[in-house]
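Take a look at the structure set out below.
Values in this text are rule-based calculations from the coordinates and carry no lab data. Not measured: the values here are computed from a predicted model. Glycine gets a Cβ as well: all are built from the backbone with ideal geometry, and neighbour counts include every protein chain shown.
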């Protein structure tokens, strides 16, 4: 495998469970050192894809290569070079914090002195040194998540795979976690993550694919995706009505495009303030009018007609 | 976070995993022993369960051997020798203890790890495979079983219930019984949906404990029932232990060994396959 070959390469990758096709012949490639994201709503096929890449779920069809190796025949060799942070923490609650890292390192064939040295380092990194001898159960959600990440780094993985890394965490815990992931990225660890939070994708990913119903509907950097699939600004209007759909016709033409959500109208335009003036000129009186920049949420809405988090 | 650890040394496979490698069962990395290490570590936090597993068969031994033995005096074994009741029942209790310990570990404990702790999900994300999980868990319950059997045998020897040097083989034999039941127990556990299903395990274990020629010789049963008893697994464990501890040794014992070996291997392969199906879908 030469250095310019992608670290992970999938073509026509498919996963079927009985009649249900969870992943429909997707293609993607992850380069060494980048942070690559799968963005999509629940049920888009992100986790199924991650499980195939993590060599814990055989592909039904297509081709998948990690480090140039085939998961179907080289599973243990590939997994030895991966770090996996699953959606739900699967920490060993019968063990203490430090024992969790020791044992996990042993699963990777590291010697006892190696795992002890590694655990000291990783607990420092995860800001858990003071809890080393604690049981896992009383830790907060953010601490457990950091321990799961610390554990996944014990084998010094080339690729760290994170499935919904911050789901269920409070804002402060999320930022601590993001900071840790940035540090890893700076050290050259390739990150592959799934998320249904657009801010997370924008914060962490160099490049991402948007998934919906098992398919990849768009691919690019967060900035490119916004430029290609949305306008520069968005005007959000809330009216004192039960159904915003009835007002959609009256704002039609004030921007490039209008999206109707149950609780608000979104007018896509390169100049939000100008559109706002036109709304007033048309005799409409919204309860609130907010101009903001387009986000990945808008990209997703444009591509699929649905919101990411419902 | 800047220290780079050396590349992991190639693990040396243990005897059990080497044996497992030649069988047509799912992939593993030959690292089952690390799961044993994990269990030993977890066990240090919950060692009290160890004591109860040890106490039960010894209490039975004294209650039945000494108490009931005062009423029954002697028994004529299926091998034809006349022995005290305590000598007669001790080997059977050893076999039953081996079964109980193995079944407890491979059913309740494995089910908890499989369904609630999600232990194997995280283990399978490492180089370890489903075969390592099956071999590791079964090996662990063998180790525990060996400790129980050893302690039980020691008590029986000290209490003067053992007279034959063949009894030295009773320990590996007990391990063999543990292996068979542990493997089948783990296989069965992979089919369990909730704790309610564990009643089926009790339903299977209790009659085995009572009617495997444990407390009275096979000859006591009506001939039709004798046939039935000889089909069930604990009977073979009891007959094996009794043959060794009473010194009634013959080639017939090999039949029991073969029965338990087949049962254990079927359970082992089945358990590994089911773990693969459940977790690597």
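Sum -39500 (n - 2.57) across every DSSP H segment of at least 4 residues in chain A, then divide by the residue count to get the 222 nm mean residue ellipticity, nearest 500. Display every interim value, and only then the final one.
Numbers: 11 runs with 111 residues, N = 310.
After summing the helix terms and dividing by residue count, I get -10500 deg cm²/dmol.
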Pair-distance profile P(r), taking every C-alpha pair of segment A:153-310, with 10 angstrom steps and integer %: 10, 33, 29, 18, 7, 2, 0
What angle do you read, to the nearest 10 degrees and between 0 and 90, between the alpha-carbon axis of helix A:112-125 and the longest principal axis of chain A? 30
In deg cm²/dmol, rounded to 500, what helix-only [θ] at 222 nm does chain B give when every DSSP H run of at least 4 residues adds -39500 (n - 2.57) and the total is split over its residues? -20000 deg cm²/dmol
Once you treat every alpha carbon in segment A:140-232 as an equal point and sum by Debye, what is log10 I(q)/I(0) at q = 0.25 Å⁻¹? -1.37
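Can I get the semi-axes of segment B:104-158's equivalent ellipsoid? Compute them from the C-alpha gyration tensor as square roots of 5 times the eigenvalues, in angstrom, largest first.
Values: eigenvalues 178, 30, 8 Å².
Whole-Å semi-axes of the equivalent ellipsoid: 30, 12, 6.
If contacts are Cα pairs under 8 angstrom and at least 6 residues apart, what is the relative contact order of chain A in percent?
Working: 581 pairs, mean separation 59.9, N = 310.
Contact order relative to length: 19 percent.
Could you work out the Kirkwood radius for segment A:220-310, taking every pair of different alpha carbons, averaging 1/r and inverting it, reported in Å?
Details: mean 1/r = 0.0756 Å⁻¹.
It works out to 13.2 Å.
For chain A, how big is Rg over Rh, using alpha carbon atoms and the Kirkwood form of Rh? It would help to have the intermediate numbers written out before the result.
Values: Rg = 22.3 Å, Rh = 21.3 Å.
Computed over Cα atoms, the ratio is 1.05.
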Hull volume per residue for the protein assembly as shown, using the convex hull of the C-alpha atoms, in Å³ is 192
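Report the percentage of all Cα-Cα pairs in segment B:130-281 whose separation exceeds 21 Å, rounded to a whole percent.
Values: 5835 of 11476 pairs.
Here the tail beyond 21 Å accounts for 51 percent of pairs.
If r is the Cβ-Cβ distance from residue B:230 to residue B:45 and R0 is 35 Å, what FRET efficiency results, to the nearest 0.05?
Values: r = 43 Å, r/R0 = 1.21.
Using R0 = 35 Å, I get an efficiency of 0.25.
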Please give the Cα centre distance for segment A:46-93 versus segment A:246-266, rounded to the nearest Å. 43
Cβ crowding within 10 Å averaged over residues, with B:251-258, A:189-196 ranked highest first: A:189-196, B:251-258
Projected onto their principal axes, the Cα atoms of segment A:1-61 stretch, largest extent first, over whole-Å spans of 39, 23, 18
If you project the alpha carbons of chain B onto the principal axes, what extent comes out on each, in Å, largest first? 72, 38, 37
Mind computing the radius of gyration and Dmax over the alpha-carbon atoms of segment B:210-281? Å is fine for both. 15.9, 50
Using only Cα atoms, find the angle between the long axis of helix A:272-281 and the longest principal axis of chain A, and express it within 0 to 90 degrees, rounded to the nearest 10. 30
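Please report the relative contact order for segment A:231-293, taking Cα pairs under 8 Å with a sequence separation of at least 6, and give it as a percent rounded to a whole number.
On the way: 116 pairs, mean separation 30.9, N = 63.
About 49 percent, as a whole number.
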In degrees, nearest ten, helix B:170-189 long axis to first principal axis of chain B (Cα): 50
